[in-house]
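Remarks on the structure that follows.
The values are calculated or read from the model by the stated rules, or taken from the named source; none is laboratory data. These numbers were taken from a predicted model, which means no experiment stands behind them. Quick reminder, even Gly has a Cβ in these numbers, built from the backbone with ideal geometry, and neighbours come from all protein chains shown. Ligands, DNA and RNA are excluded from the accessible area calculation, which covers all protein heavy atoms including side chains. Shrake-Rupley method; radii C 1.70, N 1.55, O 1.52, S 1.80 Å.
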Amino acid sequence: MDVGGARAASPGPLRAVELIRVRLPLVRPFRSATAEVRTKEALLVHVLADGVDGWGECGAQTEPTYRGETVDSARLVLRDHFLPRVFAGRSLADVRGNEFARAALETALLDTRLRAEGRSLASYLGARRERVAAGVAIGMSDDVGELRELAATYVQAGYRRLKCKIAPGADLAPLAAVRAAVGADIALQADANGSYTENDRDALAALDDLGLQCVEQPLPPDALVAHADLAHAIATPICLDETITSARVADEASRIRACRVVNVKVGRVGGIARAVAVHDVCRARGVDALVGGMLETGVGRAVNVALAALPGFTLTGDLSASDRYFATDLTEPFVLAPDGTLAVPDGPGIGVTPLPDVLAAHTVAREVLVPGR
Ligand code: MG
């Protein structure tokens, strides 16, 4: 799949690329084992070509606590390394790492091209679904009653899958409370964000009775064999998120049975084409896959929803409606239908565009880069 990363955008000469930093308050703070986010800061990449433009969102956070990238590091790498290559018509292949930055740029270039062709991202990817099931992630809270109430509210709204953030010492009790609140039929996952060690095997095995669909990233990102060892010791399937940085790692993880589920994030693996490659590995190896999220605005969410319409995404992903996160999204909002699904955008490109007044109200910095300077 050519996603435009190797060459400059095809619709016509690139006139400029804007790097726009936006800040949106979350409707409630979101706490994981490694970070607490109260305000979503995102870097948007806006490609302006002849007569058409395109958008991408960088999912990196302000702190380097998920992967190593941040909003700021991504901006610098885009400005100093990726964009000079694109402006010169050069390949991006020699740049290592910086997956979130790469993904944002490649998405914006691909969006530009698909808009020029009048073709939706979903159709370009070979999507098989017009709607995708919506799941919701619940941040950590010291108040178990609050977790119970939130979980019940989300299920009532139609969400088909819950994922609770956990950490050592904050796992069995909150998960059991949520399970009791929503019943046995709701798919329930836990996500540890790499916060456990090999010494915590008993605590993780204690979750086996909860009937979890999976426990996500129990051990640190660089633990591959240790995840395979853990998989032998617990009954709950292991899902890998932070560890899976490429199709190669996904392939090796599945070969050694380090996971039965892979969380696929476009930003973490460096773009849509690479995310599809991870999806393809999962499909070939019979590993379940789900689309993960980074609290994206509507720009990134549109990409996640289109990706989730591929047939290898066998489990409900972190795909929530806009109002789960924001009072006002940057784009037309993604709305949860009563049957617990979101519509896959079918307009040209990613199918959504930031609303000019909302974008202006939430922009905190803007940098315009042009070829030849
Ligand atoms: Mg995760």
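Rounded to the nearest 0.05, what FRET efficiency do D208 and T62 have when you use their Cβ-Cβ distance and R0 = 30 Å?
Here the calculated transfer efficiency is 0.25.
Rounded to two decimals, what ratio of Rg to Rh does the chain give with C-alpha atoms and a Kirkwood Rh?
Across the chain, the Cα-based Rg/Rh ratio is 0.96.
Taking R0 as 25 Å, what FRET efficiency do you get between A93 and N199 from their Cβ-Cβ distance, rounded to the nearest 0.05?
Efficiency, from the Cβ-Cβ distance: 0.05.
Counting only protein heavy atoms and using a 1.4 Å probe, what share of the accessible area of segment 1-159 belongs to carbon plus sulfur, as a whole percent?
Taking all protein chains in place, segment 1-159 shows 44 percent carbon and sulfur surface.
Stretched out fully, how many nm does the piece from A327 to D142 gain, at 0.36 nm a residue minus the Cα gap?
In short, 64.2 nm is gained.
With every protein chain left in place, what is the accessible area per residue of the chain in square angstrom, probe 1.4 Å?
39
How much length is gained on full extension from R260 to A233, taking 0.36 nm per residue of separation minus their Cα-Cα distance?
That pair, R260 and A233, stretches by 8.3 nm at full extension.
At 0.36 nm per residue, minus the direct Cα-Cα distance, what do E367 and R131 gain on full extension? Give it in nm, one decimal, please.
81.4 nm
Once amide H atoms are built 1.01 Å from N in the peptide plane, which residues 5 or more positions from D191, or in another chain, come under 5 Å H to H?
Answer set, sorted by chain and number: C164, K165, I166, E216.
Between A226 and L172, how many nm apart are label points set 7 Å from Cα along the C-beta direction?
The two pseudo-label positions are separated by 2.2 nm.
Over the chain, what is the percentage of antiparallel beta bridges among all DSSP beta bridges, to the nearest 5?
60
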